[in-house]
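The values are calculated or read from the model by the stated rules, or taken from the named source; none is laboratory data. This structure is a prediction, so every number in the text was calculated from the model and none was measured. Don't worry about glycine lacking a Cβ; one is built from the backbone with ideal geometry, like all the others, and counts go over all protein chains shown.
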């Protein structure tokens with residue numbers, strides 16, 4: 001958990017309007033700060049499994065928030081990822097050209113292309 005001052009600092013930096021405390025950008029920024037602190041803690045305490053589990057839960061929650069933000073506003077997503085200095089993920093849905101490709105094993109597809 002972040003202390004009140006650290007959380008207020010993050011909120012002030014990433015808010016989208018004057019009274020914003022819970023937008024997707026703010027939530028992702030708070031989670032990123034918590035993730036960074038937990039990662040530092042785990043560097044010192046390698047056997048702390050409960051903190052490791054908490055870290056993984058926070059990473060998953062941030063990933064879901066970022067996926068939502070990317071689907072709503074790609075521009076805001078890009079700006080947030082750049083300012084948080086985290087890896088950019090491709091959340092675009094992968095579309096298949098042909099549904100029949102799902103039924104044919106990859107080895108057979110390569111043989112068909114060769115013929």
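Looking at the structure I just gave you, is residue 38 without any contact (Cβ under 8 Å) to a residue 40 or more places away in the chain and under 20 Å from residue 88 (Cα atoms)?
Working: without any contact (Cβ under 8 Å) to a residue 40 or more places away in the chain: yes; under 20 Å from residue 88 (Cα atoms): no.
No; evaluated as a whole, the condition is false for this residue.
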Which residue pairs have Cβ atoms under 8 Å apart, sit 6 or more places apart or on different chains, and have a first residue in the range 10-25 that is modelled with pLDDT under 90 and a second that is surrounded by 13 or more Cβ atoms within 10 Å (Cβ to Cβ) and part of a loop (DSSP other than H, G, I, E, B)?
21/15
Quick one: what pairs do we get from the range 49-75, first residue without any contact (Cβ under 8 Å) to a residue 24 or more places away in the chain, second surrounded by 15 or more Cβ atoms within 10 Å (Cβ to Cβ), C-beta under 7 Å, 6+ apart or different chains?
51/38; 51/42; 52/42; 54/38; 55/35; 55/38; 55/42; 70/77
